[in-house]
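Scroll down for the structure; my scribbles are underneath it.
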Amino acid sequence: MVSGPGDLPFETGRPASVPPWLLAEEPDAGAPGGRICAFCGEEAPPDSAFCPNDGKALTAALFPASGTPLTVVFTDIEDSVKLTERLGDFAWADIVDAHNVLVRQSIEQHAGFEVKVTGDGFLIVFADPTQAVRCALDIQRRMAAQATRRTDWPVRIRIGIHRGDVILRPGGDVLGRTVNMAERVMSKAAGGEIWLSNTVHDQVQSDFPERQWLDRGARRLRGVSGRQHLYEAEWDIDESADYRPL
């Protein structure tokens, strides 16, 4: 069951770091007009789940009704401790800053919500599982494009995705078994890979070419009972994309 505070009035002028589910009441389904974006205050068409101004998921999407799941994405830089030792603190800080900008560009483009930075990675939530996978693909492509343009770019990202019920906490954090599962799925991936649970794969597979999916079979995940069927989403560099180096 998804839970979160729904009795706070809408206010404009709040920073984007404050999550939409803490900014607005759940919309009245019978009210005329569209829903209001909690980030910029723009009104969207009645049937739209995303803001026409900034592309972010609307309050109704990120503050779902009871029982509506969210898609949770974890990212992590592979071997970050070794890279810190090799590059030194100051050089590594510059790399991490550039990495953060690239990931946030993908999050914004695909209407995700950044919950928090987790050391050398991100915890992100999406209303739409297809957008979550597309964001993961975009992150990998941005990192690969960066590597072709910067000889000093050592970053390889591993990504895990799962979908299910979460608990929304005051301050914008999320927790619960779905969050834990997404992190465990990520732990199976290597740098440059995107792994997802069977739950996500079943919902998004028809939105992508069949060749995109690698069946990784039933795997044991630390702290999770039984074996979980996992898939990997393959990707290649998008030559048409204009990814500017940082």
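Rule-based calculations on the coordinates, nothing more; no lab input. These numbers come from a predicted model, not from an experiment. Here the Cβ is made from the backbone with ideal geometry for all residues, glycine too, and neighbour counts use every protein chain on show.
General remarks:
- The H on the amide N of Val166, modeled in the peptide plane, is under 5 Å from the matching H of Val2, Ser3, Leu70, each at least 5 residues off or on a different chain.
- Test item: Cα-centred dipole of the range 70-233, Lys/Arg +1 and Asp/Glu -1 on Cβ, debye: 440 debye
- Vicinal HN-Hα couplings computed from phi for the range 220-234 (Karplus, 6.51 cos²θ - 1.76 cosθ + 1.60; Hz; Gly/Pro x): 8, 10, 4, x, 10, 6, x, 9, 10, 7, 10, 10, 10, 8, 6
- Burial ranking of peptide ranges 216-227, 156-167, 191-202, 93-104 (average Cβ count within 10 Å, highest at the top): 156-167, 191-202, 93-104, 216-227
- Highest mean packing first, where packing is the average number of other Cβ atoms within 10 Å per residue, the peptides 109-118, 70-79, 122-131 line up as 70-79, 122-131, 109-118.
- Only one residue of Val96, Val125, His110 has its Cα farthest out toward the positive end of the dipole of the range 63-176, where Lys and Arg carry +1 and Asp and Glu -1 on Cβ, and that residue is His110.
- Each other residue within a Cβ distance under 15 Å of Lys82 adds +1 if Lys or Arg and -1 if Asp or Glu, for a net charge of -3.
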